[in-house]
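Just so it is clear, none of the values below were taken in a lab; they were calculated from the coordinates. Treat the numbers as computed from the prediction; the structure is a model and nothing was measured. So basically every Cβ, Gly included, is an ideal-geometry build from the backbone, and we count neighbours across all protein chains shown.
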Amino acid sequence: MSMHDQFLADLLQTPDDRMLRGVYADWCEDNDLSECAACLRWMASANKRPLRDFNFENDSAAMQIILDSKVSLVLAPFEMSSKVWITAADVDALKGLSPVLDWLAGPAVDWLGVWKRSFGVDGFNPFETLAVAVVTSPRLVSCEMIPVHIEELPDDTSVTGDQNSKPYLLVSAKIQSAHFASYCYEAKPEFKTDLMRRLLNAP
């Protein structure tokens, strides 16, 4: 069974874990996988609520300042990082090679445990690593300049039915905006091999 199939199987057996449902829903919505259709219908019937993006929502005004500054902006969303998995075997390969890698392996083992307990999977997606890849391995990631805009819309995470709103960072070729960002959506299969090579060669 593939890791994706295992993830789906664990999801369907965990109807009360809203975090798991939310993460998987976000992943499905960004990937053209036929297996996701039935899963999303099931989550809708289970009243699944998306996860909040607190990094953005807690200070959307700061993000607006960044957009207005016209600095080069790269977005590396879950759509991209969800396609790269770091497993226990990968972490074990780092142990005992250098003090730096041992320092890295310790928290990575803990993080594997968090994902196992929370999501029922034997691995994790290295989120920030994919953002760094734009600099370290640009040939291995696919990005596109797309309009980006902040808009206040109804809160899709409300569990009380209140008519509250929250800010959304919208990124789409279909919106009109004076602001653009490099939206990265794909990591080539060779990316993980390159990542492990660079880690194993670390001083």
Partner lysines for Lys174 [C-alpha distance under 28 Å; skip if fewer than 8 residues away on the same chain]: Lys48, Lys70, Lys83, Lys166, Lys188
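Sorted by mean Cβ packing within 10 Å, highest first, what order do the peptides 183-191, 171-179 take?
183-191, 171-179
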Amide H contacts of Phe180 (H built 1.01 Å from N, under 5 Å, at least 5 apart or other chain): Val148
Karplus-derived 3J(HN,Hα), 6.51/-1.76/1.60, for each residue of segment 133-148, Hz, glycine and proline x: 4, 4, 8, 7, 9, x, 6, 9, 10, 10, 9, 8, 6, 9, x, 9
For segment 85-203: rounded, prolate or oblate by the Cα gyration tensor [a/c cutoff 1.5]: oblate
Per-residue ³J(HN,Hα) for segment 185-195, Karplus 6.51 cos²θ - 1.76 cosθ + 1.60, θ = phi - 60°, Hz, x for Gly and Pro: 10, 8, 10, 5, x, 6, 4, 5, 4, 5, 4
Other-chain or far-sequence residues with amide H under 5 Å of Lys166's (modelled H): Leu153, Asp155
